[in-house]
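The values are calculated or read from the model by the stated rules, or taken from the named source; none is laboratory data. Note that this is a predicted model, so its numbers are computed, not measured. Quick reminder, even Gly has a Cβ in these numbers, built from the backbone with ideal geometry, and neighbours come from all protein chains shown. With ligands, DNA and RNA removed, areas are computed over all heavy atoms of the protein, side chains included. Shrake-Rupley method; radii C 1.70, N 1.55, O 1.52, S 1.80 Å.
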Amino acid sequence: MTKANKNFRPTWDDYFMAIARIVATRSTCDRLHAGAVLVNDNRIIATGYNGSPPRLEHCDDVGHLLEEGHCVRTVHAEHNVLLQAAVLGSMSTKDSTMYTKYSPCIHCSKYIATCGIKRVVVGKIYRNDKAVDYLREAGLQVDIYQENKEWNETMSNLFTGEIKERVAKEGKVKMKKG
């Protein structure tokens, strides 16, 4: 089997960071398209992106609501993922891992630490790394995601190529008439 035909199986960090990047496409504040994924035992608990609360107007539609240079119309991706986990109520955030496209702000860092999250994987540092230091001081493991060139190429190909029809080596499945 050639390398081009071989299925590339990503690491868990590659996989969940890709999902965080896709989640970010739902953002409704063009100042930053952020996304976050909350995971426990390699299973997704919740996702979040930065946007207005339900039933309220979005920055993309009515403009930004700025206070001291920050848009306060939206809920940040990291905060939203925690709120979604709370609303769903199906699983605890304790000892989970958060994947986030950008480093969280200091406020979101407080919520992350309070929710018992044990690890945060950050795609890129946004503005400064003080919040990352804060999380580490709170005892969380914080890792800066190292992009995987082969995985990025695989992901790009997933979204630019057609979905191919596949037939198993054994041929088409035939059902018995009952």
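Using unit Cβ charges (K, R positive; D, E negative) and no other charged atoms, how large, in debye to the nearest 20, is the dipole of the stretch 133-175 about its Cα centre?
Working: 7 positive and 9 negative charges, 114 e Å.
In total the dipole reaches around 540 debye.
How large is the helix-only mean residue ellipticity at 222 nm for the chain, computed as the sum of -39500 (n - 2.57) over DSSP H runs with n ≥ 4, divided by its residue count, in deg cm²/dmol to the nearest 500?
Details: 6 runs with 57 residues, N = 178.
Theoretical 222 nm ellipticity from helices: -9000 deg cm²/dmol.
Take the chain, connect every pair of alpha-carbon atoms lying under 10 Å apart with a spring to form a Gaussian network, then pick out the residue of 51, 139, 161 with the largest mean-square fluctuation.
Largest GNM mean-square fluctuation: 161.
Would you mind telling me the share, in percent, of accessible area of the chain contributed by carbon and sulfur at probe 1.4 angstrom? Before the final figure, lay out the partial values.
Numbers: 6240 of 12270 Å².
Ligands and nucleic acids excluded, carbon and sulfur reach 51 percent.
Using a/c under 1.5 as the rounded threshold, could you call the stretch 22-92 rounded, prolate or oblate? The axes a ≥ b ≥ c are square roots of the C-alpha gyration tensor eigenvalues, and prolate needs a/b larger than b/c, oblate otherwise. Before the final figure, lay out each step's value.
Details: a/c = 2.46, a/b = 2.08, b/c = 1.18.
Prolate, because a/c is 1.5 or more and a/b exceeds b/c.
Would you work out which of 34, 126, 154 lies farthest towards the positive end of the dipole of the stretch 1-156, given +1 charges on the beta-carbon of Lys and Arg and -1 on that of Asp and Glu, about the Cα centre?
154
Starting from the stretch 19-95, pick out the trypsin sites (Lys or Arg not before Pro) whose DSSP state is loop and whose Cβ has at most 11 other Cβ atoms within 10 Å. Intermediate results must be reported in sequence, preceding the final value.
Numbers: sites: 21, 26, 31, 43, 55, 73, 94; in loops: 31, 55, 73, 94.
Of the trypsin sites (Lys or Arg not before Pro), the ones in loops of the stretch 19-95 whose Cβ has at most 11 other Cβ atoms within 10 Å are 55, 94.
Give the residue from 175, 92, 46 lying farthest towards the positive end of the charge dipole for the chain; charges sit on Cβ (+1 for Lys and Arg, -1 for Asp and Glu) and the dipole is referred to the Cα centre.
Sorting the options by dipole projection puts first 175.
For the stretch 59-110, what relative contact order do you get, as a whole percent, if you take Cα pairs closer than 8 Å and at least 6 residues apart?
On the way: 21 pairs, mean separation 13.7, N = 52.
RCO, the stretch 59-110: 26 percent.
Compute the length gained on full extension between residue 15 and residue 149: take 0.36 nm times their separation in residues and subtract their Cα-Cα distance, giving the result in nm to one decimal. Show your work: numbers first, answer last.
Values: separation 134, 0.36 × 134 = 48.24 nm, distance 1.32 nm.
Gain on extension, residue 15 to residue 149, equals 46.9 nm.
Just to confirm my understanding: which cysteines in the chain have no other cysteine beta carbon less than 4.7 Å from their beta carbon?
Cysteines lacking a close Cβ partner in the chain: 71, 105, 108, 115.
About its Cα centre, what dipole magnitude does the chain give when the only charges are +1 on Lys and Arg Cβ and -1 on Asp and Glu Cβ, stated in debye to the nearest 20?
Working: 26 positive and 21 negative charges, 226 e Å.
Around 1080 debye, computed over the chain.
So for the pair residue 64, residue 162, with labels modelled 7 Å out along Cα→Cβ, what separation do we get in nm?
4.3 nm
Given a 1.4 Å probe, how much area per residue of the chain is accessible, in Å²?
69 Å²
Please report the base-10 log of the normalised intensity I(q)/I(0) for the stretch 79-160, using a Debye sum with one equal scatterer per alpha carbon and no solvent, at each q in 0.12, 0.17, 0.21, 0.25 (1/Å).
Each listed q maps to, in turn, -0.40, -0.72, -0.93, -1.13.
Write down the percent of antiparallel bridges among all DSSP beta bridges whose residues are both part of the chain, to the nearest 5. Intermediate values should be presented prior to the final figure.
On the way: 13 of 22 bridges.
In the chain, DSSP labels about 60 percent of beta bridges as antiparallel.
Which residues among the stretch 84-98 fall inside the zone where the amide N is under 20 Å from a point 7 Å beyond the Cα of residue 56, along Cα→Cβ?
84-88
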